[in-house]
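All remarks here apply to the structure that follows.
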C-alpha cells in the first residue's frame, strides 16, 4: 500500500480553520502565513537537490497534470518521491497546489524545508490518519522522518 502525502500551506484565508484543526490534534501552529510554491520555485528546489535525479513530465489532457519523479542518483537505497501538480495551467510563475502521490518522507521533508523560506510554513499530511508534520526551517528532519515512518 502506498501513502499519499498532501501539502497544506497556512493560507491567510484558511489559517484560522487550519490552526483550530491543529489545536484539536495538540500540534502547535507556527507563526506566519504560507502559500503554495510556483512551479519555478519548485523546479529550483528540485534541480538543486543533491544526490537525486529528477524527471519531469506532463499529461496531455486539460487541465494538465505536471509530475516530478525524484530518485536517488546512486540507487543504493529506495529513497524516492513522486510529486503531482493538478490543474497545471502552463504558467510556471503561478502558484500551484501539489502533493506527493507516493514516496519516502526522508525525500519529501527536505524538499518542503527548502520551500519554507519562499512559501512560509507547510504541513505534510499523510492519508493514513497519522498526525501531520509541520515543516519549518527549524524542523529536525531525522526526527520527523522517524515519526512518519513508525
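A short reminder: the numbers here are calculations on the coordinates, not readings from a lab. A quick note: this is a predicted structure, and the numbers were derived from the prediction, not measured. Glycine also receives a Cβ, built like all others from the backbone with ideal geometry; neighbour counts cover every protein chain displayed.
Once you have the Cα-Cα distance between residue 141 and residue 97, take 0.36 nm times their residue separation minus that, and quote the gain in nm to one decimal. Don't skip to the end; give the middle numbers.
On the way: separation 44, 0.36 × 44 = 15.84 nm, distance 2.25 nm.
Gain on extension, residue 141 to residue 97, equals 13.6 nm.
Among 92, 31, 44, which one shows the highest mean-square fluctuation when the chain is modelled as a Gaussian network with alpha-carbon springs under 10 Å?
For the chain, modelled as a Gaussian network with Cα springs under 10 Å, the answer is 31.
At a 10 Å Cβ-Cβ cut-off, how would you order 100, 82, fewest neighbours first? Each step should come with its number before you reach the end.
Values: 100 25, 82 19.
Listed from fewest to most nearby Cβ atoms, that is 82, 100.
What fraction of the Cα pairs in the chain, stated in percent, has a spacing above 23 angstrom? Walk me through the numbers on the way to the answer.
Working: 3783 of 11175 pairs.
The proportion of pairs with Cα distances above 23 Å equals 34 percent.
Relative to a virtual label point 7 Å from the Cα of residue 56 in the Cα→beta-carbon direction, which members of the range 111-145 show backbone nitrogen distances below 17 Å?
115
Modelling each spin label as a point 7 Å along the Cα-to-Cβ direction, I'd like the residue 149/residue 76 distance in nm, to one decimal.
Going from the residue 149 label point to the residue 76 one covers 1.5 nm.
To the nearest Å, what is the center-to-center distance of the range 5-39 and the range 90-131, using C-alpha atoms only?
Here the two parts' Cα centres lie 12 Å apart.
Can you figure out the FRET efficiency of residue 65 with residue 128, using R₀ = 25 Å and their beta-carbon distance, to the nearest 0.05?
Numbers: r = 23 Å, r/R0 = 0.93.
Working from the Cβ atoms, E equals 0.60.
Name the residue, out of 66, 21, 80, whose mean-square fluctuation peaks in a Gaussian network model built on the chain with Cα pairs under 10 Å.
Result: 21 has the largest fluctuation of those listed.
How would you rank 57, 150, going from fewest to most other Cβ atoms within 10 Å of each one's own Cβ?
Numbers: 57 9, 150 6.
Listed from fewest to most nearby Cβ atoms, that is 150, 57.
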